[in-house]
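Take a look at the structure below.
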Amino acid sequence: MATRPTGDLTGAATAVTPVAVVRAVGVRRAFGPVPVLNGVDLTIAAGEVVALLGSSGSGKSTLLRVLAGLDGDACGEVTVPARSAVVFQEHRLLPWKRVADNVALGVAGRDVAGRVAAALAEVGLAGRERAWPAELSGGQSQRVAVARALVRQPELLLLDEPFGALDALTRLRMQALFQRLRAEHRFAALLVTHDVDEALLLADRVLLLDGGVLVEDVPITVAHPRTTDAPGFGPLRRRLLALLGVPAGPDAQ
Amino acid sequence: MTVTEDAAPRTGTAAGAAPKAVATVPVRARRGPRVRRWRRLVSPVVLVLAWELVSRAGLVSPDKLPAPSDVLAVGWRLARDGALGAHLAQSLTRAVIGLAVGGGVGLLAGAVAGLLRLGDDLIDPPVQMARMLPHLGLLPLLLIWLGIGESLKISLVALGAFFPIYLNTYAGIRDIDERLVEAARTCGLSAAARLRHVVLPGALPALFIGLRLAFAAGWLSLVVSEQVNAQVGIGFMMMEAREFSQTDVVVLGLVVYALLGLASDLLLRVAERRALAWRRGLRAT
Ligand SMILES: Nc1ncnc2c1ncn2[C@@H]1O[C@H](COP(=O)(O)OP(=O)(O)OP(=O)(O)O)[C@@H](O)[C@H]1O
Ligand SMILES: [Mg+2]
């Protein structure tokens, strides 16, 4: 656990479950005069997958970057596990490194090559170690990015619209892959997404960011493995879409 | 996670509406690259042959333009008695030292200005101003400062090499995708490791452009400085030959300069192809 006090410390650590891997208290961030995050409190339990919804520009990426330690100008108290990994919307592979070297970036210890190969195999890219990123399709590149995160055996996975740039079919496959990996590795995850169905499918809890604070905390109790047409999703979907300000159907007017 | 890409395209042509000869695209194999490479040699060879014929026929006086065979002959003679080798070695030494000094300083200054805000503020303005000055215009001043010795020639080559290296290092570092640096940070890379794994390889394509321009500017500086004043060197050999009206030696000097330029370009190309192998995939598509 690495406690990262950023800026003014708000010492009021609320009583949380002892197994929480993420604890953020009073996170604030402003760009110029405009506050984007206005006191966000967030806890994520070990192994819990939390989806973060919010309209465009509501500060989801900003919050994720604070948790990832990429934002030095945020205020608040943030505790995240030392073993965290990030998957961005774009794959962000280094084009001058082969797939295996990209996955192994910053990985130390014994048998790095073996661990890299195992991670690639898990995302269905066994044997592509020697390929250049430019030789991969968008979905394959994104799977390499997932492998790059997995090989670190993260306690926490931070995902910023990881499948947002993919075509619909590939996205479905990636969601299935995520469910499988999650069942296997039991990492906690914060999943930023625009896709309400994706949130329902993958998350244990859905948070809604609006006006710089988390305004809604919706537990999703449907048992895994889920499908998007599971009974009980209908009302949840309508509720989340209404919270996002989107009428869920013609009768919603 | 395997994608089955079968069935889909088949449905396009329904059985009944078998389209007859839909604009037959001629799929003719393009002439192989090997054929083209040979074909590109034809016109230079024809030109040299024409030059030889014109000279042999006496249409041009050998004092003005000797035949290629005569140039080759004098080249062979000077190579055998060691004169050409000595001149060449001296010219190459100047080029290498000048490029190393100018390129090294340019690389260092460009990296400092590209990486550090303080370095940018301190280094970039004077360099941007100085670069407006054609560096060969500094020759009279350099003559006053340094005299006519080796340091003059090396300084001029170094000056020619400095600016392209500096500018391209700076631009190469500035153009690196900040998101890649960020991703490297999330992978736990320290600042030094990010420099090695992200910044350096990311700036390398621009660096090669700078190197190519530096070679060109360096050669130019060398030619000019060697012809101004020298005791040894290809340029000196040419100027001396001019005094004795040995036009064949003058032309030989030009040929040597051309070959040196060609060789350095080839060297750079090979190095580039090796160092930037990762770009192959990008080009193929
Ligand atoms: N580096 C920055 N400089 C200035 N403003 C920024 C910066 N990054 C984000 N912002 C602003 O902060 C707000 C939140 O941005 P953020 O990227 O977090 O939104 P988001 O919820 O991720 O949106 P989207 O769903 O479209 O990705 C936006 O209004 C944006 O303009
Ligand atoms: Mg975003």
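The values are calculated or read from the model by the stated rules, or taken from the named source; none is laboratory data. Values in this document were obtained by computation on a predicted structure and should not be read as measured data. Backbone-built Cβ (ideal geometry, glycine too); neighbour counts: all protein chains shown.
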### Task
Say whether the condition of being in contact (Cβ under 8 Å) with a residue 60 or more places away in the chain, within 14 Å of chain B (Cβ to nearest Cβ) and not aliphatic (A, V, I, L, M) is met by at least one residue in the stretch A:42-63.
yes
### the stretch A:28-49, residues that are within 16 Å of ligand 2 (Cβ to nearest atom) and buried (at least 17 other Cβ atoms within 10 Å of the Cβ)
A:Arg29, A:Val36, A:Leu37, A:Val40
### Message
Pull out all pairs, ordered by first then second residue, where Cβ-Cβ is under 6 Å, the residues are six or more apart or on different chains, the first lies in the stretch A:142-169 and is under 15 Å from A:Ala199 (Cα atoms) and polar (S, T, N, Q), and the second is in a loop (DSSP other than H, G, I, E, B) and within 16 Å of ligand 1 (Cβ to nearest atom).
### Response
none
### Task
Check whether at least one residue in the stretch A:101-116 is within 10 Å of chain B (Cβ to nearest Cβ), at pLDDT 90 or above and within 22 Å of A:Gly164 (Cβ to Cβ), and report yes or no.
yes
### Task
Have a look at B:Arg28, B:Arg77, B:Arg56, B:Arg40 and point out the one that is modelled with pLDDT under 65 and not aliphatic (A, V, I, L, M).
B:Arg28
### Message
Looking only at the stretch A:65-91, count every residue that is away from chain B (no Cβ under 11 Å) and of a type in the set (A, V, I, L, M, F, W, C) and tell me the total.
### Response
5
### Task
Could you please give the count of residues in the stretch A:176-229 that are in a strand (DSSP E or B), more than 16 Å from ligand 2 (Cβ to nearest atom) and within 14 Å of chain B (Cβ to nearest Cβ)?
0
### Task
Name the residue, out of B:Trp219, B:Trp278, that is away from every other protein chain (no Cβ under 14 Å) and either among the hydrophobic types (A, V, I, L, M, F, W, C) or in a loop (DSSP other than H, G, I, E, B) (or both).
B:Trp219
### Summary
Within the stretch A:130-148, residues more than 9 Å from chain B (Cβ to nearest Cβ) and buried (at least 18 other Cβ atoms within 10 Å of the Cβ) come out as A:Gln140, A:Ser141, A:Gln142, A:Val144, A:Val146, A:Ala147
### Task
Spot the failing condition for A:Leu94; the list is (1) within 22 Å of A:Leu181 (Cα to Cα); (2) at pLDDT 95 or above; (3) at the interface with chain B (Cβ under 9 Å from one of its Cβ atoms), and only one is missed.
(1)
### Task
Select from the stretch A:166-205 the residues that are crowded, with 21+ Cβ neighbours inside 10 Å, more than 12 Å from the chain's Cα centre (by Cα) and of a type in the set (Val, Ile, Thr) and list them in ascending order.
A:Val196
### Query
Taking helices (runs of 4 or more DSSP H) that do not extend beyond the stretch B:82-191, which have at least 1 residues that are within 14 Å of another protein chain (Cβ to nearest Cβ) and surrounded by 23 or more Cβ atoms within 10 Å (Cβ to Cβ)?
B:150-174, B:178-186
### Query
When only residues in the stretch B:195-206 that are free of Cβ contacts under 8 Å to residues at least 60 places away in the same chain and closer than 24 Å to B:Leu159 by Cα count, which is farthest from the other protein chains (Cβ to nearest Cβ)?
B:Ala206
### Message
Just to be sure I understand, how many residues within the stretch A:155-175 are more than 21 Å from A:Ala118 (Cβ to Cβ), part of a loop (DSSP other than H, G, I, E, B) and more than 16 Å from ligand 2 (Cβ to nearest atom)?
### Response
1
### Query
Of the numbered conditions (1) on the phi > 0 side of the Ramachandran plot; (2) modelled with pLDDT of 95 or more, A:Leu159 satisfies every one except a single condition; which is it?
(1)
### Message
Residues that are away from ligand 1 (no atom under 16 Å from the Cβ) and more than 25 Å from B:Leu276 (Cβ to Cβ), at least 3 per element: which strands (runs of 3 or more DSSP E) completely within the stretch A:43-145 meet that?
### Response
A:75-80
### Task
Output yes when any residue across the stretch B:255-268 is within 20 Å of the chain's Cα centre (by Cα), over 23 Å from B:His87 (Cα atoms) and more than 14 Å from chain A (Cβ to nearest Cβ), and no when none is.
yes
### Task
Kindly establish whether B:Gly202 is part of a helix (DSSP H, G or I) and crowded, with 22+ Cβ neighbours inside 10 Å.
no
### Summary
How many residues of the stretch A:50-60 are over 16 Å from A:Ser84 (Cα atoms) and surrounded by 18 or more Cβ atoms within 10 Å (Cβ to Cβ)? The answer is 7
### Message
Among the residues that make up the stretch A:16-27, is at least one of them within 11 Å of ligand 1 (Cβ to nearest atom), crowded, with 21+ Cβ neighbours inside 10 Å and at pLDDT 90 or above?
### Response
no
### Task
Please tell me if A:Gly124 is within 16 Å of B:Ala184 (Cα to Cα) and within 8 Å of chain B (Cβ to nearest Cβ).
no
